[in-house]
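Engineer: Take this structure, written in structure tokens, and hold onto it; I'll ask about it next.
The values are calculated or read from the model by the stated rules, or taken from the named source; none is laboratory data. All figures in this text were calculated on a predicted structure; none of them were measured in a lab. Don't worry about glycine lacking a Cβ; one is built from the backbone with ideal geometry, like all the others, and counts go over all protein chains shown.
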Amino acid sequence: MERIGLIAGNGTFPLLFAREAREHGLEVAAVAHRGETLPELSALVTEITWIRVGQVGRMIRALRRAGVRRAVMAGGIDKVRTLGSLRPDWRGLRLLSRVPRKGDDAILRALAGELGRSGIEVVPSTTFLERIVIRAGRVAGPVLDERARMDIRLGCKVLAHLGDLDVGQSVVVEDGVVLAVEGVEGTDAAIRRAAALGKGGAVVVKAAKSGQDMRFDVPAIGPQTIATMAECRARALAVEAGAGIVLEYDELRRLADLHGVSVVGCDVYGGVGDV
């Protein structure tokens, strides 16, 4: 039986991957991050090693000891929290010193390269989970009106220009005004920041950065995203079709319908916001 590696961040994505991998007859050897990964993961994997963010050497040793040849990275890392809790080991320090730009994609590409040199291939985090990839069109909630469509188109144009800078995956727009661009704080915090500036009725556009390595850090939405939007009176969420993923779809759809939040998959780059 193959043993696949799981480099787990926060949220429910690692749990979903572990369950699906077991359904496909694989054992899962997980490396989990203290203060980030949900403790429930322990019950879903064959073995688990807990590390601190930045302990690259310990991560690789754990995966090699488990006989892992393929691994996925699933779930994010809270960047704000990491600024105070980063504990790189010697191998982690060497990796960071070789990355001139400290954006997510650059660091994760470097980590994937380090794993590859140790005989561990990083494969897409959607392995076994193609069914949760967002398709074009309505996903949940009410049909978009023209005002929301126009704001989504503007959000797509903004993301298309920001992608090469490896900044963030989301932008919040209201009545033709860009209220917030996601930085290190993450999507939910960006939505709350925008809510303090707008009058209500904003749209959120989320997409992979142009040229992003789709093996990791794929744009993800779930019930928490909808709950935050409802709290902030945001009205629509557009996610890049073919790249974004939906976590806990049934609950997301229930909340979207309950709060009147439109959720759509759209062509962010090719069609500049076709929805």
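Engineer: Test of understanding: among Glu20, Glu36, which residue is assigned by TED's automatic domain parsing to the domain that holds Ser97, modelled with pLDDT under 95 and either aliphatic (A, V, I, L, M) or within 16 Å of Val123 (Cβ to Cβ) (or both)?
Structural biologist: Being assigned by TED's automatic domain parsing to the domain that holds Ser97, modelled with pLDDT under 95 and either aliphatic (A, V, I, L, M) or within 16 Å of Val123 (Cβ to Cβ) (or both) holds for just one of Glu20, Glu36, which is Glu20.
Engineer: Kindly list the number of the only condition in (1) in a strand (DSSP E or B); (2) free of Cβ contacts under 8 Å to residues at least 60 places away in the same chain that fails for Asp164.
Structural biologist: (1)
Engineer: Scan region 97-117 for residues that are in contact with a helix residue (DSSP H, G or I) (Cβ under 7 Å, 6 or more places away or on another chain) and farther than 15 Å from Val72 by Cα and report the count.
Structural biologist: So the count comes out to 2.
Engineer: Tell me whether region 178-189 contains one or more residues that are outside any strand (DSSP E or B), in contact with a Cys (Cβ under 7 Å, 6 or more places away or on another chain) and either hydroxyl-bearing (Ser, Thr, Tyr) or outside the structural domain of Ile7 (by TED's automatic domain parsing) (or both).
Structural biologist: no
Engineer: Looking at region 225-248, which of the residues that are in a loop (DSSP other than H, G, I, E, B) and of a type in the set (D, E, K, R) is surrounded by the fewest Cβ atoms within 10 Å (Cβ to Cβ)?
Structural biologist: This residue is Arg233.
Engineer: May I ask you to verify whether Gly11 is surrounded by 21 or more Cβ atoms within 10 Å (Cβ to Cβ), in contact (Cβ under 8 Å) with a residue 40 or more places away in the chain and within 29 Å of Gly183 (Cβ to Cβ)?
Structural biologist: No, not satisfied.
Engineer: Still on this structure: Against the condition in contact with a helix residue (DSSP H, G or I) (Cβ under 7 Å, 6 or more places away or on another chain), crowded, with 16+ Cβ neighbours inside 10 Å, hydrophobic (A, V, I, L, M, F, W, C) and under 26 Å from Gly75 (Cα atoms), how does Ala180 come out, does it pass?
Structural biologist: It is true that Ala180 is in contact with a helix residue (DSSP H, G or I) (Cβ under 7 Å, 6 or more places away or on another chain), crowded, with 16+ Cβ neighbours inside 10 Å, hydrophobic (A, V, I, L, M, F, W, C) and under 26 Å from Gly75 (Cα atoms).
Engineer: In region 70-102, what residues are at pLDDT below 85 and of a type outside the set (A, V, I, L, M, F, W, C)?
Structural biologist: Correct list: Asp78, Lys79, Arg81, Thr82, Gly84, Ser85, Arg87, Pro100, Arg101, Lys102.
Engineer: Do we have any residue at all in region 24-42 that's within 24 Å of Leu129 (Cα to Cα), surrounded by fewer than 20 Cβ atoms within 10 Å (Cβ to Cβ), in contact (Cβ under 8 Å) with a residue 60 or more places away in the chain and not polar (S, T, N, Q)?
Structural biologist: yes
Engineer: Can you give me the number of residues within region 171-188 that are touching a residue at least 60 places away in the same chain (Cβ under 8 Å) and of a type in the set (Gly, Ala, Ser)?
Structural biologist: 1
Engineer: Are any of the residues in region 57-68 exposed (fewer than 14 other Cβ atoms within 10 Å of the Cβ), over 24 Å from Lys209 (Cα atoms) and not acidic (Asp, Glu)?
Structural biologist: Yes, because at least one residue in region 57-68 is exposed (fewer than 14 other Cβ atoms within 10 Å of the Cβ), over 24 Å from Lys209 (Cα atoms) and not acidic (Asp, Glu).
Engineer: Just to verify a result, which residue in region 191-217, among those that are assigned to a loop (DSSP other than H, G, I, E, B) and out of contact with any helix residue (DSSP H, G or I) (no Cβ under 9 Å at 6 or more places or on another chain), is modelled with the lowest pLDDT?
Structural biologist: Met214
Engineer: If you don't mind, there's one more thing I want to ask. Just one of (1) farther than 25 Å from Glu182 by Cα; (2) modelled with pLDDT of 95 or more; (3) in contact with a strand residue (DSSP E or B) (Cβ under 6 Å, 6 or more places away or on another chain) trips up Met1, so point out which.
Structural biologist: Going through (1) farther than 25 Å from Glu182 by Cα; (2) modelled with pLDDT of 95 or more; (3) in contact with a strand residue (DSSP E or B) (Cβ under 6 Å, 6 or more places away or on another chain) one by one, Met1 breaks only (2).
Engineer: Being closer than 15 Å to Ala160 by Cβ, surrounded by 19 or more Cβ atoms within 10 Å (Cβ to Cβ) and out of contact with any Lys or Arg (no Cβ under 8 Å at 6 or more places or on another chain) is the filter here; which residues of region 201-224 pass it?
Structural biologist: Val205, Lys206, Ala207, Ala208, Lys209, Gln212 - these are the residues of region 201-224 that are closer than 15 Å to Ala160 by Cβ, surrounded by 19 or more Cβ atoms within 10 Å (Cβ to Cβ) and out of contact with any Lys or Arg (no Cβ under 8 Å at 6 or more places or on another chain).
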